[in-house]
Amino acid sequence: MLLEDLNVILKVAEFRSITAAAESLDMRTATASAAIKRVERALGVELFIRTTRHLRLSVAGERYIPNCEQALQMLNIAKQNVKDDLEIIDGELRISIPSDLGRNIILPWLDEFMESHTGITVKLHISDSNIDFYRDPVDIALRYGSPSDTNLYGFKICDVPRVVCATEEYLEHHGTPKHPNELTTHNGLLYQLHDIIHDVWEFTHQSESIKVKMQSNRSSNDAELVRRWCTSGKGVATKSSLDMSHDLLSEQVVPLLSEFVPKPTELWLVCPSRQTITPAVRLLREHLKIKCSNVFSQLINKGILAKADVY
């Protein structure tokens with residue numbers, strides 16, 4: 001009996017769906033069905049009762065699945081203990097990353113990480129939307145904002161200041177705002193998530209909170225597209241300083257309203273369970289922390305960020 005087949009059995013039991021289990025494991029539904037048949041044939045019993053619309057555990061399945069899950073966990077622990085003793089770092093990282101941060105910042109960092117740990121393979125899922133670990137074929141997710149689901153395990157990578165920025169060309173034609181309230185006469189480049197357009201920008205200044213509702217002729221659910229609009233002079237954007245770091249350091253865009261602090265965010269590495277927190281994940285977490293710290297140091301040294309905003 002193949003261990004891979006038993007993993008399929010556990011996923012089908014979890015989702016109560018062969019199709020959903022196959023999607024989670026990134027395999028064809030027919031392949032998952034064949035795995036179920038092999039296990040049932042080896043045991044001589046049916047583990048699932050299937051109808052045209054529903055799938056549920058049989059009596060035998062209800063007894064077998066918990067024991068199977070416990071046995072596989074013990075095998076995985078034993079396997080990992082051997083690797084730890086030999087200092088082996090390998091395995092597949094199925095990771096979801098945000099669009100702009102992922103394509104322009106994280107990708108070269110991952111390349112560097114894989115060059116240092118050649119036994120690691122990576123499958124990337126690019127999306128700004130929140131990940132459903134029970135449906136999407138990923139094991140870890142890098143996300144802005146602290147996780148709201150208490151069932152997830154999260155590692156905070158860093159605090160991330162936001163910046164308001166635009167190109168010099170745009171500012172020459174439309175003027176440079178000196179106060180957030182002056183942004184109402186500018187074209188805001190807006191980010192949209194879950195059908196909510198983030199058109200209210202928040203600032204603090206000497207303990208005072210300032211909110212500005214932006215006017216806009218452009219909005220997108222793709223953060224990278226908002227950055228592209230900004231660097232091509234289409235308007236003013238408020239973005240993660242990590243996302244805009246290359247453009248800020250190369251002076252393709254300039255920061256605005258330095259005395260007013262946009263509402264910051266955080267960067268987190270999120271896992272669905274303790275079992276997915278492998279040595280490779282821990283090493284990746286530390287790698288990301290170091291790389292983010294290096295970027296912030298460059299932004300501070302150039303006067304784009306204040307040290308108090310980061311540390």
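Taking the stated definitions as given, is Glu23 buried (at least 18 other Cβ atoms within 10 Å of the Cβ) and charged (D, E, K, R)? In short, yes. The condition of being at pLDDT below 95, over 25 Å from the mean Cα position of the chain (by Cα) and either small (Gly, Ala, Ser) or open to solvent by 60 Å² or more (accessible area, probe 1.4 Å) (or both) holds for only one of Ser232, Ser209, that being Ser209. If I filter the range 220-229 down to residues being out of contact with any Ser or Thr (no Cβ under 9 Å at 6 or more places or on another chain) and under 19 Å from Gly145 (Cβ atoms), which single residue comes out as most open to solvent (accessible area, probe 1.4 Å)? Filtering the range 220-229 for residues that are out of contact with any Ser or Thr (no Cβ under 9 Å at 6 or more places or on another chain) and under 19 Å from Gly145 (Cβ atoms), the one most open to solvent (accessible area, probe 1.4 Å) comes out as Arg227. Applying a threshold of 6 Å to beta carbon distances and a minimum spacing of six or more residues, or different chains, the list of pairs starting in the range 97-115 at a residue that is under 10 Å from His287 (Cβ atoms) and ending at one that is assigned to a helix (DSSP H, G or I) and modelled with pLDDT of 90 or more reads Trp109/Lys291; Phe113/His287.
Please state which one of Tyr170, Tyr144 is at pLDDT 95 or above and among the aromatic types (Phe, Trp, Tyr). Quick ask: steps written out before the conclusion?
Values: Tyr144 fails: at pLDDT 95 or above.
One residue alone meets the criteria, Tyr170.
A single entry from Leu249, Leu284 fulfils the requirement of being buried (at least 21 other Cβ atoms within 10 Å of the Cβ) and under 21 Å from Leu107 (Cβ atoms): Leu284. Among residues of the range 7-35 that are closer than 20 Å to Ile140 by Cβ, those with a Cβ under 8 angstrom from a residue that is outside any helix (DSSP H, G or I) and among the aliphatic types (A, V, I, L, M), sequence gap 6+ or separate chain, pair up as Asn7/Leu25; Lys11/Leu25. Do we have any residue at all in the range 88-110 that's β-branched (Val, Ile, Thr), surrounded by fewer than 13 Cβ atoms within 10 Å (Cβ to Cβ) and either modelled with pLDDT of 85 or more or in a helix (DSSP H, G or I) (or both)? Looking through the range 88-110, none of the residues is β-branched (Val, Ile, Thr), surrounded by fewer than 13 Cβ atoms within 10 Å (Cβ to Cβ) and either modelled with pLDDT of 85 or more or in a helix (DSSP H, G or I) (or both). When Thr51 is tested against (1) at pLDDT below 80; (2) among the polar types (S, T, N, Q); (3) open to solvent by less than 50 Å² (accessible area, probe 1.4 Å), only condition (3) is not met. Per the conditions (1) touching a Lys or Arg at 6+ places or on another chain (Cβ under 8 Å); (2) of a type in the set (Asp, Glu); (3) under 18 Å from Asp128 (Cα atoms); (4) touching a residue at least 60 places away in the same chain (Cβ under 8 Å), the sole criterion not satisfied by Asp222 is (1). Considered as a group, the residues in the range 122-137 that are over 20 Å from Leu193 (Cα atoms) and free of Cβ contacts under 8 Å to residues at least 60 places away in the same chain include one that is most open to solvent (accessible area, probe 1.4 Å), and that residue is Leu124.
Total residues in the range 287-311 satisfying the condition of being modelled with pLDDT of 90 or more and either basic (Lys, Arg) or surrounded by fewer than 13 Cβ atoms within 10 Å (Cβ to Cβ) (or both): the figure is 7.
Quick one: count up the residues across the range 141-164 that are aromatic (Phe, Trp, Tyr) and over 18 Å from Met244 (Cβ atoms). Working first, answer last.
The first filter runs over the range 141-164 and keeps only residues aromatic (Phe, Trp, Tyr), leaving 144, 153, 155.
Now drop any that are not over 18 Å from Met244 (Cβ atoms), which leaves 153, 155.
Residues that pass the stated criteria total 2.
Restricted to strands (runs of 3 or more DSSP E) entirely inside the range 115-161, those with at least 2 residues that are over 17 Å from Thr278 (Cβ atoms) and touching a Phe, Trp or Tyr at 6+ places or on another chain (Cβ under 9 Å) are 140-144, 153-160.
Pick from the range 156-183 the residues that are charged (D, E, K, R) and free of Cβ contacts under 8 Å to residues at least 60 places away in the same chain: which of them is surrounded by the most Cβ atoms within 10 Å (Cβ to Cβ)? If we take residues in the range 156-183 being charged (D, E, K, R) and free of Cβ contacts under 8 Å to residues at least 60 places away in the same chain, then Glu182 is surrounded by the most Cβ atoms within 10 Å (Cβ to Cβ). Restricting the first member to the range 232-257 and to residues that are without any contact (Cβ under 8 Å) to a residue 60 or more places away in the chain, and the second to residues that are in a loop (DSSP other than H, G, I, E, B), the beta-carbon pairs closer than 7 Å and six or more apart or on different chains are Leu249/Lys302. Scoring Thr204 on the criteria (1) hydroxyl-bearing (Ser, Thr, Tyr); (2) in contact with a strand residue (DSSP E or B) (Cβ under 7 Å, 6 or more places away or on another chain); (3) surrounded by 17 or more Cβ atoms within 10 Å (Cβ to Cβ) leaves a single failure, condition (3).
The values are calculated or read from the model by the stated rules, or taken from the named source; none is laboratory data. Owing to the predicted nature of the structure, the values given are computational and were not obtained by experimental measurement. Neighbour counts run over all protein chains shown; Cβ positions are idealised from the backbone, glycine included. Ligands, DNA and RNA are stripped out before the accessible areas are found, and what is left, the full protein with its side chains, is counted by its heavy atoms. Shrake-Rupley method; radii C 1.70, N 1.55, O 1.52, S 1.80 Å.
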